[in-house]
Amino acid sequence: MPVEIEAKMKVDSLDPVRDRLKAAGASMIGEYLETNTFFDTDDRSLLAADEGLRIRRAEDQSTGKQTITITFKGPRQHGKLKSREEIELTVNDSDIATRLLESLGYRRMMSFQKKRQSWKLGACRVELDELPQLGVYVEIEGPNEEAILKIRESLHLQDRALVKASYVALLMAHLQEQGNHVKNVTFAKQ
């Protein structure tokens, strides 16, 4: 069973992190505009079990090519970093994928956009993320905690608090605090 292990930190700006990645010899993989749509049952059984079900449409900003992925995430495991089972399946059509999940009894709960710049450094992938209403974050995903923590330190992020909550959980909490019941969060049109 594949396990995702990551460190996520909120930062004030992505520019210093980007500069450190370049100085460390990291290679940029690409820039993407993602639309993440989360599903659950009417009684929120996935949320209650600390599980997640998502369709992600990622558009490569240089080529326009879209990748659509269905992802199931299991409950968080104990440890310093966020770890959880992750099963992914690439599909060709997000509308058909949505109809499939709805036919199985899942309902669309929330959708949000995210701008992501992906980098490769050592055995880790470093994601520079910007989310509407939440700000900017750095995620470091790798094969084990030791590799991730080493990259975190090399990027001078060791003093940043680790965020174990998912983006969807952070966004839902933020919207609830604001008294906002919107279910589709996007970047403002330019």
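The values are calculated or read from the model by the stated rules, or taken from the named source; none is laboratory data. Computed from a predicted structure; not experimentally measured. A quick note on method: Cβ atoms are made from the backbone with ideal geometry, for glycine too, and the neighbour counts reach across all protein chains shown.
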Scanning the range 44-74 residue by residue, the ones that are among the hydrophobic types (A, V, I, L, M, F, W, C), surrounded by fewer than 18 Cβ atoms within 10 Å (Cβ to Cβ) and not in a strand (DSSP E or B) total 3
Filter result (in a loop (DSSP other than H, G, I, E, B) and farther than 23 Å from residue 183 by Cα) within the range 86-102 | 92
Of the conditions (1) within 14 Å of the chain's Cα centre (by Cα); (2) crowded, with 18+ Cβ neighbours inside 10 Å, residue 132 clears all except one; give me its number.
-> (2)
Among the residues listed as 98, 90, the single one being surrounded by fewer than 18 Cβ atoms within 10 Å (Cβ to Cβ), within 19 Å of residue 184 (Cβ to Cβ) and polar (S, T, N, Q) = 98
Of (1) within 28 Å of residue 39 (Cα to Cα); (2) modelled with pLDDT of 95 or more, residue 148 satisfies all except one. Which?
-> (1)
Would you point out the residue of the range 51-69, among those that are within 13 Å of the chain's Cα centre (by Cα) and not hydroxyl-bearing (Ser, Thr, Tyr), that is modelled with the lowest pLDDT?
-> 52
Residue count, the range 18-43 (criterion: buried (at least 20 other Cβ atoms within 10 Å of the Cβ) and within 22 Å of residue 143 (Cα to Cα)) | 2
Which residues, taken from the range 151-167, are of a type in the set (A, V, I, L, M, F, W, C) and either farther than 21 Å from residue 2 by Cβ or at pLDDT below 95 (or both)?
-> 155, 157, 161, 162, 163, 165
Regarding residue 83, is this residue part of a strand (DSSP E or B), modelled with pLDDT under 95 and of a type in the set (S, T, N, Q)?
-> yes
